[in-house]
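Some notes on the structure that comes next.
The values are calculated or read from the model by the stated rules, or taken from the named source; none is laboratory data. All figures in this text were calculated on a predicted structure; none of them were measured in a lab. Cβ placement follows ideal geometry from the backbone for every residue including glycine, while neighbour counts extend to all protein chains displayed. Accessible surface areas use protein heavy atoms only, side chains included; no ligands, DNA or RNA. Shrake-Rupley method; radii C 1.70, N 1.55, O 1.52, S 1.80 Å.
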Amino acid sequence: MLLDVDINTRSLKIIKKNIHKHSPCPQKVNIVAVTKKFSFSALQSAQENNLFHIGENKVQETQQKTQNKRLNPKTQLHLIGHLQSNKVPLAVGLYDVIQSVDSIKLLNKINRSAKQQNKKQNIFLQINISKATRQTGFNEEDIIKAAEAITRLRYIKMEGIMSIGPHTPDQKAIQKNFESVRQIQKEIQNKINPQCSSLSLGMSQDYILALQAGSTHLRLGTILFQKGNEK
């Protein structure tokens, strides 16, 4: 059962303050409101608070909660969870941005589906720089090959790199991880694809470190929403 939740406006104010305090480019930072496991009311609340980037984890859940619903024309739906190969055509039809592209095989399938649907699909390449066993994503060598492959795919636009921080309380380890991802993003932008200008780093527990590393897309769920109508 999906939960009915609203934006915690007090938390949103604090997050915006931290963006201006910690980011080297605050004007480029987008809050991606993560609405997985929440009902359509969470999307409505995000839009009412001028948050137009919405993050979802599962294709079927997004399809069910948005079916026959009207979204603000400014709203962009981001897939941030793992994309199964058989769900690619549906995902291309649903999402403005697919952030979790983790293989060249998946890239090729997205390109084919986007061609069939007459669409240029915005994507991020996901890197698993910490080599976490429970995370998907390219390694450092293969993400360069994937970025090069995209230059030959007509129906894909590469917006940037996405990564999940290591599951550790060690702030220095997280910071080092984020800095490494930023260096790879800059290398791809400067040497392979100038469109690769975005960096999707940071979740509720580590978003300030992500801001310091230059993140342009913060994927925030827990910190941004709370149950019921409390403000």
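Which residues, taken from region 194-205, are over 16 Å from K16 (Cβ atoms) and open to solvent by 10 Å² or more (accessible area, probe 1.4 Å)?
Correct list: P194, Q195, S197, S198, M203, Q205.
Can you tell me which condition S39 does not meet? The list is (1) touching a Lys or Arg at 6+ places or on another chain (Cβ under 7 Å); (2) open to solvent by less than 30 Å² (accessible area, probe 1.4 Å); (3) among the hydroxyl-bearing types (S, T, Y); (4) touching a residue at least 60 places away in the same chain (Cβ under 8 Å), and all the others hold.
(4)
Filter region 157-174 down to residues that are part of a loop (DSSP other than H, G, I, E, B) and in contact (Cβ under 8 Å) with a residue 24 or more places away in the chain and give me whichever is farthest from the chain's Cα centre (by Cα).
H167
What are the pairs with Cβ atoms under 6 angstrom where one residue, in region 175-193, is farther than 17 Å from N139 by Cβ and open to solvent by 40 Å² or more (accessible area, probe 1.4 Å) and the other, located anywhere, is charged (D, E, K, R) and not in a helix (DSSP H, G or I)? Sequence gap at least six, or different chains.
none
How many residues are within 18 Å of the chain's Cα centre (by Cα) and surrounded by fewer than 16 Cβ atoms within 10 Å (Cβ to Cβ) when one looks only at region 56-74?
Total meeting the criteria: 3.
Only one of these conditions is not met by L77: (1) in contact (Cβ under 8 Å) with a residue 24 or more places away in the chain; (2) crowded, with 17+ Cβ neighbours inside 10 Å; (3) in contact with a strand residue (DSSP E or B) (Cβ under 9 Å, 6 or more places away or on another chain). Which number is it?
The failed condition is (1).
Restricting attention to region 113-151, which residues are part of a helix (DSSP H, G or I) and open to solvent by 40 Å² or more (accessible area, probe 1.4 Å)?
Of everything in region 113-151, those that are part of a helix (DSSP H, G or I) and open to solvent by 40 Å² or more (accessible area, probe 1.4 Å) turn out to be K115, Q116, E140, E141, D142, K145, E148.
Does S113 satisfy the condition of being touching a residue at least 24 places away in the same chain (Cβ under 8 Å), closer than 25 Å to S215 by Cα and of a type in the set (G, A, S)?
Considered against the rule, which asks whether it is touching a residue at least 24 places away in the same chain (Cβ under 8 Å), closer than 25 Å to S215 by Cα and of a type in the set (G, A, S), S113 comes out as no.
Considering only region 154-174, state which residues are loosely packed, with under 15 Cβ neighbours inside 10 Å and within 27 Å of R112 (Cβ to Cβ).
Within region 154-174, just R154 meets the criteria.
For the condition closer than 21 Å to L211 by Cα and open to solvent by 80 Å² or more (accessible area, probe 1.4 Å), what is the one hit in H20, H53?
Going through H20, H53 in turn, just one is closer than 21 Å to L211 by Cα and open to solvent by 80 Å² or more (accessible area, probe 1.4 Å): H20.
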